[in-house]
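Asks: Below: one structure in structure tokens.
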Amino acid sequence: MAYTSSSLGNQEHLRNYESYIEFIEFDEEGHQKIVIVPSFPVTSFRWLEIGYNFDDDYDFYIYGTTLYEAGEVTPEQPFVVTWIAWGTLSHRGISFVDGHGVTRYFTLNVNNADSIEDPRDMYMLVEFFQ
């Protein structure tokens, strides 16, 4: 199973990598850069637009539209993307094929917990299933 982490991509943090794959989706004031680093190489890495469709029973499902295909992403060559938070529901996510050939899907979420262990405005990836 791939462990994938995400963090803010300031210039100091990005200097830790000789190269990275970058997708500039937002270039507006207030955007941030997010660095997504798998614990081992993954293939078919995609940056997704996440949407929600609420049905009559107040259940919802998540669908994804591919915005960018990065191919292979590794611990040495992570994926960097611009980000702007929009409301409380996630609007972006990733998918990739792990080392066992399984396609995995994650939403990118803002952790709004207010404690030392989970500082406000930290980003987390939450797995979901197609």
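The values are calculated or read from the model by the stated rules, or taken from the named source; none is laboratory data. Computed from a prediction, not measured in an experiment: that's the story for all the values here. Counting neighbours? That spans all protein chains shown, and the Cβs are built from the backbone with ideal geometry, glycine included.
Asks: Find all pairs meeting these conditions: Cβ atoms under 8 angstrom apart; at least six residues apart or on different chains; first residue within segment 41-52 and within 15 Å of Gly71 (Cβ to Cβ); second residue outside any strand (DSSP E or B).
Replies: Qualifying pairs under 8 Å: Pro41/Thr74; Pro41/Pro75; Pro41/Gly99; Val42/Ala2; Val42/Thr74; Val42/Asp98; Val42/Gly99; Trp47/Glu25.
Asks: Please state which of the following conditions Tyr63 fails to meet, knowing it meets all the rest: (1) surrounded by fewer than 16 Cβ atoms within 10 Å (Cβ to Cβ); (2) over 25 Å from Gln11 (Cβ atoms); (3) of a type in the set (Ser, Thr, Tyr); (4) modelled with pLDDT of 90 or more.
Replies: Of (1) surrounded by fewer than 16 Cβ atoms within 10 Å (Cβ to Cβ); (2) over 25 Å from Gln11 (Cβ atoms); (3) of a type in the set (Ser, Thr, Tyr); (4) modelled with pLDDT of 90 or more, only one is false for Tyr63: (4).
Asks: OK, next. Which residues, counting only those in segment 66-75, are assigned to a loop (DSSP other than H, G, I, E, B) and either in contact with a Gly (Cβ under 9 Å, 6 or more places away or on another chain) or loosely packed, with under 12 Cβ neighbours inside 10 Å (or both)? Working first, answer last.
Replies: Of segment 66-75, the ones assigned to a loop (DSSP other than H, G, I, E, B) are 74-75.
Within segment 66-75, none qualify.
Asks: Okay, next question. Please work out if Ser90 is exposed (fewer than 13 other Cβ atoms within 10 Å of the Cβ), modelled with pLDDT under 85 and of a type in the set (Gly, Ala, Ser).
Replies: Spelling it out, it is not the case that Ser90 is exposed (fewer than 13 other Cβ atoms within 10 Å of the Cβ), modelled with pLDDT under 85 and of a type in the set (Gly, Ala, Ser).
Asks: Continuing with this model, one more query. If Lys33 satisfies all but one of (1) under 19 Å from His13 (Cα atoms); (2) exposed (fewer than 13 other Cβ atoms within 10 Å of the Cβ); (3) modelled with pLDDT of 75 or more; (4) of a type in the set (D, E, K, R), what's the number of the condition it fails?
Replies: (2)
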